[in-house]
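J.: Please find one structure pasted underneath; my questions will follow.
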2 protein chains.
Amino acid sequence: MTKLLGNLARTLRPSRISGGNKRMNTWQSVRAEVLERIRSREWAPGELIPTEEQLSQQLGCARATVNRALRELAESGIIERRRKVGTRVASTAARKATLEMPAIRDEIEAMGATYSYSLMLFEERMPSEKAMRALQVDANEKLILVKARYLADGQPHCCESIWLNPQSLPVPTRAVLEKLPAHEWLASQVPLTHGRYAILAEAASEPCAEHLGVAEGTPVLSIERTNWVDATPVSFARQFYRPQHRLVSEE
Amino acid sequence: MTKLLGNLARTLRPSRISGGNKRMNTWQSVRAEVLERIRSREWAPGELIPTEEQLSQQLGCARATVNRALRELAESGIIERRRKVGTRVASTAARKATLEMPAIRDEIEAMGATYSYSLMLFEERMPSEKAMRALQVDANEKLILVKARYLADGQPHCCESIWLNPQSLPVPTRAVLEKLPAHEWLASQVPLTHGRYAILAEAASEPCAEHLGVAEGTPVLSIERTNWVDATPVSFARQFYRPQHRLVSEE
DNA sequence: TAGTGGTCTAGACCACTCC
DNA sequence: GAGTGGTCTAGACCACTAT
C-alpha cells in the first residue's frame, strides 16, 4: 500500500510542476542548477544563497537531496557553508582537484613494467631540520632513517628517504624493510589516519641523482609526505621521481 | 507525539545493544569501524565485505548511514563498489589526496603580497603538438594563444601559456585579457564542467626562465591543465612556477 | 531474473553559532 | 533563543549487472 502510494506520488510529480519552477529530482540536477545560477551571476561570489529548506521547495525535492548537492559543492570549494549563517558562493575561484597517490608498486605495474625494490640504508640517526619539524621532535631524539629505491624493468623510477619516529611506532628490523617498502610496512602496523603532502620541483642532489641515474642538478619531481595517527606524526618521507614523471589529477 | 517516540527510541537505543554488537550511530563511526576491520585484516584486500543491509543490521544503524560511510571510503579509494557484486577492499593501497588549486590572484594575496598580472602575448596561431592533442583539433585549425605572467610584490611568481579553441568558445579581445587572466575570463563565459591536471618538474626553457627571472635550466614546477565543457575540451594551459613553490595537499 | 549499490523522501533531532 | 546546516531513520524505488 505504502509502496503504491510512493509510486503514485512519483508518477504524479512531473504534472504537479507549477509556478515555473523546474522539478529537480536528483542531487546531480540540483548541483547543476546551483552551478548554473552561480555562473550566470544570479548568485554572486560572496553572496548568501537560499537555505536548504527554501531550495528544496523551489526545486520540488527533499531537503536531503539539496543537502547532498550542496555538500558536494562545498567539498569542491565552490560554496562555503556555516551553520546558522547559511551558504555563500565562495569568493575565491579556488577549485579542488583529486590526486591519486598509488603505492609505487602499483604505479610501476600499471605501466606494464616489472617492479623491484631495494633498501639502500637503514640506521638510527639524529633528525634533519625538515624531519624535526615534520615529526615534531627535538634535535637530540634519535629517529630511524630508511633510504630505498624503486625500479621499473630494472631502471630507476623513484628514490625515497623516510624518517620513522620509534617513540610512536613499533620498530621495524632491517630484514623486514629489505622485503617490504617502509610505507607498506607502516600501513600494516598502525592505522594511519591522515596524511599531508607537498609537491615541488627540485634539482637532483648528488646522491639522489646517482640513485635515479640522472645528472646532478636535473629537475626532479619531489613529494614530501607526513603520515599521522590521530594527533601524532609518525613518519616523514621524501620521494624523488625522474623528470618524465607526471602526477595526474581530475577535478 | 511522533517527536516523543523519536526521542524515546533514541534514548533507549544504547540499552538495546545485544549480541556483543557495537552500536555505531554516526557514519563517521561506521567508517572508523570498517577501516579498523580492514587494517586488522579481518577483511583482507580484494575480499568482499558484507552488504550494506548486513552491515546496517550488525552495527545497528540505518542502511543510509552505512551507505554514507562506504561512499566516503570508496571516494578515497579504500574500497571498491559495484552493483550486484558488492563491496571489495581495494587490493592496491592507493590513496587519494585533495589538492587546492586556487586562482593565482588568491594564492598571491594569501601570501600577503601584492598581486599583479600582465599579458605578454595574444595571437592566433597553429596549435603546438601538445595543444593539438589536448584540445583534440587538427594541425591546421587556428587557435588563440595567450601568454601571461603573474607577479607577487613585483617579483615573478608564475608564467603561463593558454591555448583557447575559438570553435567552442566566444572569442576574447586582447583588451579584455589585458585586464583579466584568461582563466577568470573563461570561467565567467562558459560553465566549465571538468578539468584535468598534470603536475611535473621541468627545466626552465629560455623564454620561461626570462619570464620567471631565473636561470635557463632551473627546475620549475609545471602544471598542465585542460578545461572541459561537457565532452568538449575548450582550453589547454601550462603554468610554470618558481622553484620554491609548493603544492600542498591533505588526505 | 535477482541481488546489490545508488538515490529519494518525509520527518525528526542534534550541533553549532549568531544575536 | 532561534536559525541554519549536519545527520539519522525507515521505507521505497531505480539502475546496473552477473547469472
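The values are calculated or read from the model by the stated rules, or taken from the named source; none is laboratory data. Keep in mind that this is a model prediction, so the values were computed, not measured. Cβ: placed from backbone, ideal geometry, glycine included. Neighbour counts: every protein chain shown. Note: areas computed on protein heavy atoms with side chains; ligands, DNA, RNA excluded. Shrake-Rupley method; radii C 1.70, N 1.55, O 1.52, S 1.80 Å.
J.: Looking at (1) free of Cβ contacts under 8 Å to residues at least 40 places away in the same chain; (2) more than 16 Å from DNA strand C (Cβ to nearest atom); (3) exposed (fewer than 15 other Cβ atoms within 10 Å of the Cβ); (4) among the hydrophobic types (A, V, I, L, M, F, W, C), which is the only condition B:Val85 fails?
T.: If we test B:Val85 against (1) free of Cβ contacts under 8 Å to residues at least 40 places away in the same chain; (2) more than 16 Å from DNA strand C (Cβ to nearest atom); (3) exposed (fewer than 15 other Cβ atoms within 10 Å of the Cβ); (4) among the hydrophobic types (A, V, I, L, M, F, W, C), just (2) comes out false.
J.: Just need a number here: residues in region B:54-85 that are among the hydroxyl-bearing types (Ser, Thr, Tyr) and either more than 11 Å from DNA strand D (Cβ to nearest atom) or part of a loop (DSSP other than H, G, I, E, B) (or both).
T.: Taking region B:54-85 first, the residues among the hydroxyl-bearing types (Ser, Thr, Tyr) are B:56, B:65, B:76.
From what's left, either more than 11 Å from DNA strand D (Cβ to nearest atom) or part of a loop (DSSP other than H, G, I, E, B) (or both): B:76.
Count: 1.
J.: Yes or no: A:Glu202 out of contact with any Leu (no Cβ under 7 Å at 6 or more places or on another chain), within 8 Å of chain B (Cβ to nearest Cβ) and modelled with pLDDT under 95? Before you say what the answer is, go through the steps one by one.
T.: Numbers: out of contact with any Leu (no Cβ under 7 Å at 6 or more places or on another chain): yes; within 8 Å of chain B (Cβ to nearest Cβ): yes; modelled with pLDDT under 95: no.
In short, no.
J.: So which residues in region A:71-97 are away from every other protein chain (no Cβ under 13 Å) and over 18 Å from A:Arg31 (Cβ atoms), if there are any at all?
T.: Scanning region A:71-97 gives A:Arg82, A:Arg83, A:Lys84, A:Val85.
J.: Considering (1) under 20 Å from A:Thr232 (Cβ atoms); (2) away from every other protein chain (no Cβ under 14 Å), say which one A:Lys130 fails and leave the rest.
T.: A:Lys130 satisfies all of (1) under 20 Å from A:Thr232 (Cβ atoms); (2) away from every other protein chain (no Cβ under 14 Å) except (2).
J.: Take A:Val214 and decide whether it is over 26 Å from A:Glu109 (Cβ atoms) and more than 9 Å from every other protein chain (Cβ to nearest Cβ).
T.: Details: over 26 Å from A:Glu109 (Cβ atoms): no; more than 9 Å from every other protein chain (Cβ to nearest Cβ): yes.
Against the criterion (over 26 Å from A:Glu109 (Cβ atoms) and more than 9 Å from every other protein chain (Cβ to nearest Cβ)), A:Val214 does not qualify.
J.: Any residue in region B:100-124 that's in the same structural domain as B:Glu141 (by TED's automatic domain parsing): show its pairings with residues that are aromatic (Phe, Trp, Tyr) at Cβ separation under 7 Å, as long as the two are six or more apart or on different chains.
T.: B:Ile104/B:Tyr150; B:Arg105/B:Tyr115; B:Ile108/B:Tyr115; B:Ile108/B:Tyr150; B:Glu109/B:Tyr115; B:Tyr117/B:Tyr150
J.: Only one of A:Thr92, A:Thr114 is open to solvent by 40 Å² or more (accessible area, probe 1.4 Å) and at pLDDT below 90. Can you tell me which?
T.: Values: A:Thr114 fails: at pLDDT below 90.
One residue alone meets the criteria, A:Thr92.
J.: So how many residues does region A:1-58 have that are modelled with pLDDT of 50 or more and not hydroxyl-bearing (Ser, Thr, Tyr)?
T.: To start, the set of residues in region A:1-58 that are modelled with pLDDT of 50 or more comprises A:21-58.
Among the residues that remain, those that are also not hydroxyl-bearing (Ser, Thr, Tyr) are: A:21-25, A:27-28, A:30-39, A:41-50, A:52-55, A:57-58.
Residues that pass the stated criteria total 33.
J.: Taking region B:23-47 as the search range and keeping residues that are in contact with a helix residue (DSSP H, G or I) (Cβ under 6 Å, 6 or more places away or on another chain) and not in a helix (DSSP H, G or I), which one is nearest to DNA strand C (Cβ to nearest atom)?
T.: Across region B:23-47, the extreme among qualifying residues is B:Trp43.
J.: In the set A:Glu141, A:Glu109, A:Glu100, which member is more than 16 Å from DNA strand D (Cβ to nearest atom), away from chain B (no Cβ under 14 Å), within 30 Å of A:Ile162 (Cβ to Cβ) and surrounded by fewer than 18 Cβ atoms within 10 Å (Cβ to Cβ)? Spell out the reasoning first.
T.: Working: A:Glu109 fails: away from chain B (no Cβ under 14 Å); A:Glu100 fails: away from chain B (no Cβ under 14 Å).
One residue alone meets the criteria, A:Glu141.
J.: Pick out, from region A:192-246, the strands (runs of 3 or more DSSP E) lying fully within it that include 1 or more residues that are touching a helix residue (DSSP H, G or I) at 6+ places or on another chain (Cβ under 6 Å).
T.: Numbers: elements: A:194-203, A:219-229, A:232-241.
Hits in region A:192-246: A:219-229, A:232-241.
J.: Which one of B:Val229, B:Val220, B:Val190 is among the aliphatic types (A, V, I, L, M), in the same structural domain as B:Tyr117 (by TED's automatic domain parsing) and modelled with pLDDT of 95 or more? Before you say what the answer is, go through the steps one by one.
T.: Values: B:Val229 fails: modelled with pLDDT of 95 or more; B:Val190 fails: modelled with pLDDT of 95 or more.
Unique residue meeting the criteria: B:Val220.
J.: Looking at region B:48-64 only, could you name the residues that are within 10 Å of DNA strand C (Cβ to nearest atom) and either buried (at least 19 other Cβ atoms within 10 Å of the Cβ) or within 13 Å of chain A (Cβ to nearest Cβ) (or both)? Steps first, answer last, please.
T.: Going through region B:48-64, the residues within 10 Å of DNA strand C (Cβ to nearest atom) turn out to be B:48-56, B:62-64.
Of everything in region B:48-64, those that are within 10 Å of DNA strand C (Cβ to nearest atom) and either buried (at least 19 other Cβ atoms within 10 Å of the Cβ) or within 13 Å of chain A (Cβ to nearest Cβ) (or both) turn out to be B:Ile49, B:Glu52, B:Leu55, B:Ser56, B:Ala62, B:Ala64.
J.: Quick one: which residue in A:Leu164, A:Leu180 is at pLDDT 90 or above and open to solvent by 50 Å² or more (accessible area, probe 1.4 Å)?
T.: Details: A:Leu164 fails: open to solvent by 50 Å² or more (accessible area, probe 1.4 Å).
Result of the check over A:Leu164, A:Leu180: A:Leu180.
J.: Spot the failing condition for A:Thr193; the list is (1) away from chain B (no Cβ under 14 Å); (2) open to solvent by 50 Å² or more (accessible area, probe 1.4 Å), and only one is missed.
T.: (1)
J.: Taking B:Glu107 as the residue in question, decide whether it is modelled with pLDDT under 95, part of a helix (DSSP H, G or I) and not aromatic (Phe, Trp, Tyr).
T.: Numbers: modelled with pLDDT under 95: yes; part of a helix (DSSP H, G or I): yes; not aromatic (Phe, Trp, Tyr): yes.
Against the criterion (modelled with pLDDT under 95, part of a helix (DSSP H, G or I) and not aromatic (Phe, Trp, Tyr)), B:Glu107 qualifies.
J.: Taking the stated definitions as given, is A:Glu206 charged (D, E, K, R), open to solvent by 10 Å² or more (accessible area, probe 1.4 Å) and over 19 Å from A:Met132 (Cβ atoms)?
T.: Working: charged (D, E, K, R): yes; open to solvent by 10 Å² or more (accessible area, probe 1.4 Å): yes; over 19 Å from A:Met132 (Cβ atoms): yes.
Spelling it out, A:Glu206 is indeed charged (D, E, K, R), open to solvent by 10 Å² or more (accessible area, probe 1.4 Å) and over 19 Å from A:Met132 (Cβ atoms).
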